[in-house]
């Protein structure tokens, strides 16, 4: 279908406007400090930049692509939140990819519907869903690129992008399988190269990472942390009593809120798929269904059901909504549908998007996560510290390393590996032995159960062993209380010889090494 130059310019202008609209909506995260995952990824990337190796020298259970993005961000800027700029660029690239995934024979409105829906669906103000630089935003981009290549029947390129997604988060395996099924369903008859080429592409990126870690002597750590150990993490919730409560919270709180924001996209997708016959004659619709199904299975793996997990549903749902817009009978209806897809979330929550201050938004979206508390404590540690000092954190506040500028005393920048699913008692003992051999200058202890995540007897042994390690070696320096007060949290300096209060929940407690052990500088 040939379009006039004027029409092409107008189409480009509309696409640019949708990109700007997404950035405006995404701005509801402005001013919010780093979240738990962001702090962890930044600490791993820093250890890697310093000559260490992910997994061996800084533990994480995520595949390595996300650390590559964080390492690139740290090379470009020393602002702790700068990885979010790369995440925003990845989201814009996903939006553009969805535009090119729509057939050129579609109406202009339908080609813009995918970007319009994604602009809003990828910026929902629901917990940590959208504004952070989590793995899901990069997985969405790689998956969208794989879809674009699959629709153009470029199986090897589709496999490369799917493999990159898999090396960003393990649950991308399900969409990768869905894309392979699509290629098998729509391949030309007597073309036997399609599936092998796709499979080769999928394996290429993981193989390249395996070669890299093997060349640096860290293949075993990489395999154990990112793959074998991650499967253990995925199963941990099903083995605890927390599963029922998690499912009840999802069904009663998160799912209704996500559904409310997605009503127009869901309605458009349902209209697209009504009476649909999947196969070669409807490639975009068929792939949208498979992509959405594969992504949905991925979000449910492990049943942790954190809000940001559901971001990977935004691109396939946006593409499905575009299919529905194309089926509308009149141009005016199509234009109205695009406007509603783009504007709906802002109409539902205008205060969170445009009016609320950073503290209000942080409390509304993420309380009791200690975002501002972690930043306040990190800045206090930075004020007290020398660059060579080390820090250990009992909890999930990995952002302390970003805000303090200190490095971790052990490979565990967060404690969840040792409180949720330690392999054995020897692993706990090894962690405590590292601390005893070289006591860090600062130690932070969280008293918030959601932060420490103790769910095993070995986790209790680690907690008790760390408590014994603190006694006699460290003095209580102060604390930051975790609360929903509108005022920004402040560091409360301890009085002389004041003991730490371990019994009160919702605190971040700071300990400083005693002079006998090389602490308390003047």
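Please arrange 348, 263 by counting, for each residue, the other beta carbons lying within 10 Å of its beta carbon, fewest first.
263, 348
The angle separating the long axis of helix 36-49 from the principal Cα axis of greatest extent in the chain is about 80 degrees. Relative contact order, whole percent, for the stretch 56-123 stands at 21, derived from Cα pairs under 8 Å and 6 or more residues apart. From least to most packed, judged by other beta carbons within 10 angstrom and beginning with the fewest, 312, 289 follow the order 289, 312.
To the nearest 10 degrees, how steep is helix 65-76 against the longest Cα principal axis of the chain, on a 0 to 90 scale? Taking the Cα atoms of the chain, the angle to 65-76 is about 70 degrees.
Residues 135, 286, 374 in ascending order of nearby Cβ atoms (within 10 Å, fewest first): 286, 135, 374.
Take the Cα of residue 227, step 7 Å toward its Cβ, do the same at residue 433, and the gap between the two points is 2.8 nm.
Cβ neighbours within 10 Å, averaged per peptide: list 28-40, 421-433 in order, most packed at the top. It would help to have the intermediate numbers written out before the result.
On the way: 28-40: 22.5, 421-433: 15.4.
The packing order, highest mean first, is 28-40, 421-433.
Extension gain for residue 386-residue 9 works out to 130.1 nm (0.36 nm per residue, less the C-alpha to C-alpha distance). Distance from a point 7 Å along Cα→Cβ of residue 243 to each backbone N in the stretch 291-316: keep the residues under 12 Å and list them by number. Residues 302-304 fall inside that zone. Considering only alpha-carbon pairs that sit under 8 angstrom and 6 or more positions apart, the relative contact order computed for the stretch 416-522 is 35 percent. With a Förster radius of 22 Å applied to the beta-carbon distance between residue 331 and residue 24, the computed FRET efficiency rounds to 0.25.
Extending 7 Å from the Cα toward the beta-carbon at both residue 207 and residue 100 defines two label points whose distance is 2.6 nm. The simple spin-label model puts a point 7 Å past each Cα toward its Cβ; for residue 495 and residue 267 those points are separated by 6.2 nm. The helix-based estimate of mean residue ellipticity at 222 nm for the chain, built from -39,500 (n - 2.57) per DSSP H run of four or more residues and divided by its residue count, is -18000 deg cm²/dmol to the nearest 500. Against the main long axis of the alpha-carbon atoms of the chain, helix 5-26 sits at an angle near 30°. The stretch 306-378 and the stretch 1-60 have Cα centres lying 15 Å from one another. One entry in (i) 81, 56, 48; (ii) 79, 51, 44; (iii) 73, 59, 37 is Cα extents along the principal axes in Å calculated from the shown coordinates; its label is (ii). Once the chain from residue 189 to residue 504 is taken as fully extended at 0.36 nm per residue, the excess over their C-alpha distance is 106.6 nm. When you count the other C-beta atoms within 10 angstrom of each residue and take the mean per peptide, 398-405, 492-499, 210-217, 440-447 line up highest first as 398-405, 440-447, 210-217, 492-499. Here the calculated FRET efficiency for residue 153 and residue 468, from their Cβ-Cβ distance with R0 = 51 Å, stands at 0.20, rounded to the nearest 0.05.
Computed extension gain for residue 79 through residue 281, at 0.36 nm per residue and net of the alpha carbon distance, reaches 67.8 nm.
By its C-alpha gyration tensor, with a ≥ b ≥ c as the square roots of the eigenvalues, how is the stretch 53-207 shaped: rounded for a/c under 1.5, else prolate for a/b larger than b/c, else oblate? Note, shape of the stretch 53-207 comes out oblate.
Since every read-out is calculated from the coordinates, none of them should be taken as a lab result. Just so it is clear, the model here is predicted, and its values are computed rather than measured. Counting neighbours? That spans all protein chains shown, and the Cβs are built from the backbone with ideal geometry, glycine included.
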